[in-house]
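Here is the structure we will look at.
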Amino acid sequence: MQRKHILALLAVILVAFAIVLLLPHGELVQTLAAVPIFGALSAVVVDILREQAKRQQESQLAESQQRFSLAAGSHMASTAFDKHVAFCEEYVAEVLSALRTLFREGPTQEALDHSNRLLQIKQKYVLWITRDVEARLEPFERALRRIGANDRAERLFPGGDGHMARMKETYRQFAEVLGTEHMGTEWEGEPITDAAAVSRVVAQLRDILGVEELTRLRAAIVRNALA
């Protein structure tokens, strides 16, 4: 259809040229006769550019689909996704276990044990998680380590040097781990950032698996099917 349109425009140009050549050589007559030539030429250029853009877009789309098929359908991609699922399930189970401990015991040295188990889980899946993932989970693990280490130091040296500073940091980290959902937006006049909060960790693990995107995609498919 596009080719027929271009051929028709070229025919208009040829007819207009013929008219220009056959009509008397008056300036006004030739100017009027030349109008269809410029219009048709412009239309031809526009159609050619539109056709090129369409082909380029179709080519890019086909290439993107091919890359997606290769990435999603390969054995390595399937294995990597399965490993990510296993990692996230083990990690979040330990995170929730740490949360239950903190709710039950408060800022206790047991937080250090939870931090060590989280580290072991990451080491188990070290080939399958990226440095970015490790970096995003680190604030939570670091907060657990500080809580556990400070409480252990207090048990070994009760009321020793730095007692007040350790207690302040311990409860500050405790508030950060529980997050604004449980502790409000401030702790002793300072804002709580949620950087190390349990809720943030869970949200980040969902992001790794694309849970929300997959859920939205499934909902859209169901809506389209019902429509």
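The values are calculated or read from the model by the stated rules, or taken from the named source; none is laboratory data. In this text the structure is predicted, and so the values were computed from the model without any measurement. Backbone-built Cβ (ideal geometry, glycine too); neighbour counts: all protein chains shown. These area figures cover heavy atoms from the full protein model, side chains too; ligands, DNA and RNA do not enter into them. Shrake-Rupley method; radii C 1.70, N 1.55, O 1.52, S 1.80 Å.
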- Out of every Cα pair in the range 159-216, what percent are spaced more than 14 Å from each other? 62
- Kindly rank 211-220, 111-120 from highest to lowest mean number of other beta carbons found within 10 Å of each residue. 111-120, 211-220
- Once both label points are put 7 Å beyond Cα along the C-beta direction, the LEU156-PHE81 separation in nm becomes 4.7
- Message: Amide H of TRP187 versus every other amide H placed in the peptide plane: which residues, excluding those fewer than 5 positions away on the same chain, fall under 5 Å?
- Response: ILE192
- Where the range 132-227 is the region considered: accessible area per residue in Å², 1.4 Å probe: 62
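Take peptides 130-143, 174-187 and line them up by average Cβ neighbours within 10 Å, highest first, as a rough protection proxy.
Details: 130-143: 15.9, 174-187: 18.1.
Packing order, densest peptide first, comes out as 174-187, 130-143.
Expressed in whole Å with the largest first, what are the equivalent ellipsoid semi-axes of the range 95-151 derived from the C-alpha gyration tensor as the square root of 5 times each eigenvalue? Please report the intermediate quantities before stating the final value.
Numbers: eigenvalues 98, 22, 17 Å².
They are 22, 11, 9 Å, listed largest first.
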- Task: Starting from the Cα-Cα distance between SER97 and HIS163, subtract it from 0.36 nm times their residue separation and give me the gain in nm to one decimal.
- Result: 21.0 nm
- The Cα radius of gyration of the range 118-227, divided by 2.2 N^0.38 Å with N its residue count, comes to 1.46
- Query: Dividing the convex hull volume of the alpha carbon atoms of the range 122-172 by its residue count, what do you get in Å³ per residue?
  - Reply: 82
- Could you work out, for the range 184-227, what percent of all Cα-Cα pairs fall into each 10 Å distance bin, beginning at 0 Å and stopping at the bin that holds the largest distance? 24, 28, 23, 17, 8, 1
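Averaged over every viewing direction, what's the projected area of the C-alpha convex hull for the range 75-169? Give it in nm², one decimal, please.
Details: hull surface 26.5 nm².
Answer in nm², one decimal: 6.6.
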- Cβ-based net charge around ALA98, under 15 Å, with every Lys or Arg adding one and every Asp or Glu removing one: -1
- Counting only backbone N atoms under 15 Å from a point 7 Å out along Cα-to-Cβ of GLU188, the residues of the range 147-165 in range are 147, 150-151, 162-165
